[in-house]
Amino acid sequence: MSSKLVLGRIAGIKVALHWSFFLLLPYLAFSSISSDGSFFSFLILTASMLLVFLCVLLHEFGHALAARRYGIGTRDITLTPIGGIAQIERMPDKPMQEFFVAIAGPLVNVAIALVLTPIILLTDDVFVWPWTGLSGQTGLAGFFFYINVMLVLFNMLPAFPMDGGRILRSLLSLGLRDFTASRIASVLGIIIGLGMIAYGFIDNTFLIFIGLFVLIQAYSEQQESALVKEFSESLAAEYADDEFHYYGDPPAELTPELLDSFNNARYLLFNRPQQNEADDPLVLIDLNLWRKQNPPGKRQSGYRFNHFSAPIVAPDQAMDQVFRDMRKRRRNFAVVASETAIRGVIDLPDIFLEHSRQR
Ligand SMILES: [Zn+2]
């Protein structure tokens, strides 16, 4: 079952709602009960919320369309109760491209606010919007303006994972090493996340959730930047795990007995059948994963296994470059091989896990 409800496509980009989006309904019902309890106030609150998410959606399209300019696709834009996420296929390598992709979102909201300003001034903001969240009476245009200004202020906080953090990182990485720039932006994110949670307990419950999200994202980015620093001082061979078995061409049938017979191997490597020019030459089966998914009792009733495409890297290749390439091509595994022999398997999820355990 998918955790998303796809609404449709706009400009070729899928727009979806995360299931947790529907948690907003009881929240809205509760909020209207605690104001005056009328159905009218529920409708106004709901419409206000939809307007907020419309602005969020336009913001995310800013990121997605900027990325498209650099030839980077977007898998989807997902709306969650705490904001939108444009699933951009990869972050651009060049700092200035990252800068433009990051700033394009807030710029959309700046543009909307600029368009609204003369409308508010000229019409005296006559289209009444009876939302009670702002002090005093505000019109519809004023409410729209307020949403967009708030979105800009929030997103421009100079801390990862906010857009401002990405902008800061891209600017810092013009003069500093990548991992140092990431580290600064992510540590700021941890501080701001903690601050939001603390402030949320005093004033605004919703902020606790946003703070938690910021904290988790910033923490994992900080972990990754520490690992990338380690990579920058290492060669691919140092991360090669030699618990593999190279089987050559895949057998006609991959039976559970055959897979089980590679007792001590963690990874099983096969030549890729019917190779295209662009394909990785080897495919890999993670036997640990396979054993987990197919416990002994279940193995008679057919079996499942995932295989992964594995690019080949030279033992003396710089590990940070290998890591960047793997990320870019969305590979979790790579095979380290010289011209004469396979040396081992680079298993990124495993490396991340080991790294987080050491701390
Ligand atoms: Zn953004």
Cβ-Cβ under 7 Å, sequence separation 6+ or interchain: first residue in the stretch 228-253 and at positive phi, partner open to solvent by less than 80 Å² (accessible area, probe 1.4 Å). Which pairs?
G248/N271
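Quick check, is I77 open to solvent by 50 Å² or more (accessible area, probe 1.4 Å), within 13 Å of the ligand (Cβ to nearest atom) and in contact with a helix residue (DSSP H, G or I) (Cβ under 6 Å, 6 or more places away or on another chain)? Walk me through it before giving the result.
Numbers: open to solvent by 50 Å² or more (accessible area, probe 1.4 Å): no; within 13 Å of the ligand (Cβ to nearest atom): yes; in contact with a helix residue (DSSP H, G or I) (Cβ under 6 Å, 6 or more places away or on another chain): yes.
Judged against the criteria, I77 is not a match.
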Members of the stretch 80-107 that are in a helix (DSSP H, G or I), within 13 Å of the ligand (Cβ to nearest atom) and open to solvent by 40 Å² or more (accessible area, probe 1.4 Å)
F100, L107
For A64, are the conditions met, namely being at pLDDT 80 or above and open to solvent by 20 Å² or more (accessible area, probe 1.4 Å)?
no
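For the subset of the stretch 21-54 comprising residues that are within 16 Å of the ligand (Cβ to nearest atom) and out of contact with any helix residue (DSSP H, G or I) (no Cβ under 7 Å at 6 or more places or on another chain), which member is least open to solvent (accessible area, probe 1.4 Å)?
Here is the first cut: in the stretch 21-54, the ones within 16 Å of the ligand (Cβ to nearest atom) are 52-54.
Filter once more, keeping what is out of contact with any helix residue (DSSP H, G or I) (no Cβ under 7 Å at 6 or more places or on another chain): 53-54.
Values: F53: 15, L54: 79 Å².
That would be F53.
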Do the conditions hold for L57, that is, is it surrounded by 16 or more Cβ atoms within 10 Å (Cβ to Cβ), in contact (Cβ under 8 Å) with a residue 12 or more places away in the chain and more than 16 Å from the ligand (Cβ to nearest atom)?
no
Qualifying positions in the stretch 139-182 - of a type in the set (A, V, I, L, M) and in contact (Cβ under 8 Å) with a residue 24 or more places away in the chain:
A141, I147, V149, L151, V152, M156, L157, A159, M162, I167, L171, L174
Residue check: is I112 modelled with pLDDT of 90 or more and away from the ligand (no atom under 13 Å from the Cβ)?
yes
Restricting attention to the stretch 219-276, report how many residues are at pLDDT below 75, in a loop (DSSP other than H, G, I, E, B) and surrounded by 15 or more Cβ atoms within 10 Å (Cβ to Cβ).
1
Within the stretch 159-179, tally of residues that are open to solvent by 50 Å² or more (accessible area, probe 1.4 Å) and either more than 18 Å from the chain's Cα centre (by Cα) or more than 14 Å from the ligand (Cβ to nearest atom) (or both):
6
Only residues that are closer than 23 Å to S182 by Cβ and within 13 Å of the ligand (Cβ to nearest atom): list them for the stretch 144-158, please.
F154, N155, M156, L157
Go through (1) modelled with pLDDT of 90 or more; (2) closer than 30 Å to I285 by Cβ; (3) surrounded by fewer than 17 Cβ atoms within 10 Å (Cβ to Cβ); (4) hydrophobic (A, V, I, L, M, F, W, C) for A198 and report which single condition fails.
(2)
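When you check L207 against the structure, is it surrounded by 15 or more Cβ atoms within 10 Å (Cβ to Cβ) and touching a residue at least 24 places away in the same chain (Cβ under 8 Å), yes or no?
Criteria not met by L207.
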Taking the stretch 108-122 as the search range and keeping residues that are out of contact with any Gly (no Cβ under 9 Å at 6 or more places or on another chain) and not aliphatic (A, V, I, L, M), which one is surrounded by the most Cβ atoms within 10 Å (Cβ to Cβ)?
T117
Filtering the stretch 10-39 down to residues that are outside any helix (DSSP H, G or I), under 16 Å from F53 (Cα atoms) and not aliphatic (A, V, I, L, M) yields K14, H18
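The values are calculated or read from the model by the stated rules, or taken from the named source; none is laboratory data. All figures in this text were calculated on a predicted structure; none of them were measured in a lab. Note that we place each Cβ from the backbone using ideal geometry, even for glycine, and neighbour counts take in every protein chain shown. Calculation scope for accessible area: heavy atoms of the full protein, side chains included, ligands and nucleic acids excluded. Shrake-Rupley method; radii C 1.70, N 1.55, O 1.52, S 1.80 Å.
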